[in-house]
Amino acid sequence: MKKKHNRNGIKGFLIGIVLISIVIGYFYYLSNKKSGEAQSEEVQVTVVQEVLMRNLENNYPPSPREVLKYYGELMQCFYCEEYTEEEFLQLAMQIQELYDDELVANKTQQQYLEDLKWDIDNFKEQGIVVSSYSLPSSTDVEEFKQDGFRWAKLYCSFTLRKGTQLDVTNEVFLLRKDDAGHWKIYGWMLAEDEEQSTQS
């Protein structure tokens, strides 16, 4: 009788351990599932939000080429991505941070935003998107001094897509270094217009 009682006790003890293991395992599974879901939710950041995460006060592009690279990312957001009205304003303010003070002073803030919105809407109505951009190599950036300022001149190609049709626009950008040592976009024009102006 005593042996049977001991066996029953051992059996009950083992069953108890198995049940406890199952319960602990289940709670471990649930907690991991919840943290996994939370992580996957955190990762779902839109292209626009990712581009806007850059803090230009602490992380301004260090070279003319890098300025244009970030400019290209912002342009693709404007002309390719979906965004809210608030995100549009954030993108507009962010790209303006890349502009030289003289360029910014050419328009009032309201006029700048109205013109930008009109241009984007015009592209969207025609079904045109900025599908990609191409930057020159670092060695193709022309830097020079003039009027007491440091300047940089470089070319950038934008590929515009309308349905299955592709069109490449080549633009030449002029950047000026400000008092803080940041390269700012002073202006730009179509490369073919620049060629015509130098020939005439």
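What follows draws every value from the coordinates through simple rules; no lab data is involved. Note that the coordinates shown come from a computational prediction; the quantities given were computed from them, not determined experimentally. Cβ atoms come from the backbone with ideal geometry, glycine included; neighbour counts cover every protein chain shown.
When we measure straight from the Cα of residue 184, which aspartates and glutamates land under 17 angstrom away, once same-chain ones fewer than 8 places off are left out?
By straight Cα distance, residue 184 reaches 57, 66, 73, 97, 100, 101, 102, 142, 143, 147, 171.
Expressed in nm to one decimal, what extension gain is obtained for the pair residue 126 and residue 96 from 0.36 nm per residue of sequence separation less their Cα-Cα distance?
Residue separation times 0.36 nm, minus the Cα-Cα distance, leaves 8.3 nm.
Quick check: the distance between the Cα centres of region 47-69 and region 146-177, to the nearest angstrom?
17
With the Cα gyration tensor of region 65-106 giving a ≥ b ≥ c as the square roots of its eigenvalues, does the rule (a/c under 1.5 for rounded; else a/b larger than b/c for prolate; else oblate) give rounded, prolate or oblate?
oblate
What does the highest-first list of 71-82, 106-117 look like by mean Cβ count within 10 Å? Write down the numbers at each step before the final one.
Numbers: 71-82: 18.2, 106-117: 12.3.
Top of the packing list down: 71-82, 106-117.
Please name which of 63, 83, 106 has its Cα lying farthest along the dipole of region 51-114 towards the positive end, using unit charges on Cβ (Lys, Arg +1; Asp, Glu -1) and the Cα centre as origin.
Toward the positive end, the furthest listed residue is 63.
Can you tell me the alpha carbon radius of gyration of region 107-183 divided by the globular rule-of-thumb value 2.2 N^0.38 Å?
Compactness ratio reported: 1.43.
How many lysine pairs in region 50-164, separated by 8 or more positions in sequence or lying on different chains, have Cα atoms less than 26 Å apart?
Total qualifying Lys-Lys pairs in region 50-164 comes to 12.
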